[in-house]
Amino acid sequence: MPTVAIDARDAFAPQLRGWGRYTQRLLEALDAEPAEDIHLRVVREGSSGPEVMFEQLGLPSLLRREGVDAIHAPNCFLPLRRPCPGVVTVHDLAFEEFPHDFAPRTRLKYRHLARRAALSAELVVCDTEFTRGDMQQRWGVDPEKVRVIPLAPALPDGDAPPPDGPYLLAVGDLRAKKNLTRLVEAFARLHAGGLEHRLVLAGLDSGEGERLRAAAGDAPLELVGYVPDAELDALLRGADALVHPSLYEGFGFVVLEAMERGCPVVCSDATCLPETGGDAARYFDPLDVDAMAAAIGDVLAGRDRWIEAGRAHAAGFSWRRTAAATLDAYREVLA
């Protein structure tokens, strides 16, 4: 039986982010229904020293030593020289569009390795048709070797009580691509017009916090930082709407996670987001503050319609299907 190794280190990080969440849920789904024709070798940890050393030297050595037949890098850092065929998942190219959202060393790593990994891979996996097109346009990746495999809601369900009082919620690190300054400006206008809600922003502060507080003026803004899963689940269940004003995404987990929990979604119409949200979100131009405020008002005035549409839409995504399609990708490269 052929062996496929999965570089799953991100799934075991103490604070799961998008990549780690994807890898964790993929592993769970693969474990729930094991393939009878493929053995999976899960790589849980690297070695001491820089990550890039393990990815480009240590991991190929492990693959060679164990006689692995294919490798899947779910974090875009596929070994460029490897003893077996490679599958690489590229979730998005945000580091190309918003390079200053990333630390200098991280940006350098992406710039030097991610494109080469995608070009060298026998097969590339991405979450949306948008990212397939973006890779073709920016990097010249042959779309014929790209497989679009949608993800699914990834946040675990919980039962913690939501916060009291009406609030709007936005989720994501406080950085440029998330477009939160315009959201705060739209919220401040709604507050001046009589909106009684507060705005809760859940995400790591990458230096934008003071600017956002200044933009809010006297409108009630809460910056709660990174929150654990149970707290994020409660925030989504209690919010009167999720507002997702991002300028660039590769999938947008939180859109489906809000819909699944009966939280209406008000969403940017940029990049992949209409692909993820379908007809179940109310969209706006993310550069137009007035349009954003109007969309929020529309959803708050007719929440029941958006709740029903969102739940139905989110139910169409499953990790079981994601895992099955990923196994098919493995079979392609093994053949």
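Throughout, read-outs are computed from the coordinates displayed, never taken from laboratory work. None of the values given here were measured: they were computed from a predicted structure. Methodologically, a virtual Cβ is constructed for each residue, glycine included, from the backbone with ideal geometry; neighbour enumeration extends over all protein chains shown.
Find the centroid of the Cα atoms in the stretch 238-290 and in the stretch 46-123, then give the distance between the two in whole Å.
Using only Cα atoms, the two centres lie 30 Å from each other.
Within the stretch 139-234, list the GluC sites (Glu not before Pro) lying in a DSSP loop whose Cβ has at most 15 other Cβ atoms in a 10 Å radius.
Passing both the DSSP loop test and the Cβ count: E196.
Is the stretch 167-314 rounded, prolate or oblate when judged by the Cα gyration tensor, a ≥ b ≥ c being the square roots of its eigenvalues, rounded requiring a/c under 1.5 and prolate requiring a/b larger than b/c?
rounded
At a Cα cut-off below 24 Å, give the lysines reachable from K145, other chains included and same-chain residues fewer than 8 away excluded.
Excluding near neighbours in sequence, the set is K109.
As a test of the formula, what do you get for the chain when each DSSP H run with n ≥ 4 contributes -39,500 (n - 2.57) and the sum is divided by the residue count, at 222 nm and rounded to the nearest 500 deg cm²/dmol?
-11500 deg cm²/dmol
Please give me, ordered by residue number, the GluC sites (Glu not before Pro) of the stretch 36-120 that lie in loop per DSSP and have at most 14 other Cβ atoms within 10 Å.
Listed in order of number, the matching sites are E36, E45.
In percent, what relative contact order does the stretch 1-150 have, based on Cα pairs under 8 Å that are 6 or more apart in sequence?
Contact order relative to length: 19 percent.
With a cut-off of 8 Å between alpha carbons and a minimum separation of six or more residues, what is the relative contact order of the chain in percent?
It rounds to 16 percent for the chain.
Output the relative contact order of the stretch 167-314, whole-number percent, from Cα pairs under 8 angstrom with separation of 6+ residues.
Once normalised by length, the contact order is 24 percent.
Using DSSP to define loop residues, name the chymotrypsin sites (Phe, Trp or Tyr not before Pro) in the stretch 226-325 whose beta-carbon has at most 13 other beta-carbon atoms within 10 Å.
Answer by residue number: Y226.
Using alpha carbon centroids, what distance separates the stretch 125-197 and the stretch 26-43, in Å?
If we compute the Cα centre of each part, the gap is 29 Å.
So how far apart, in nm, are the two label points at T106 and E33 if each is 7 Å from Cα heading toward Cβ?
Calculated label separation equals 3.4 nm.
Name the longest site-free stretch of the chain, where the excluded sites are trypsin sites (Lys or Arg not before Pro) in a DSSP loop with no more than 15 other beta-carbon atoms within 10 Å.
Between exposed loop sites, the widest span is 82-335.
Return C272, C126 ranked ascending by Cβ neighbour count within 10 Å, so the fewest neighbours appear first.
C272, C126
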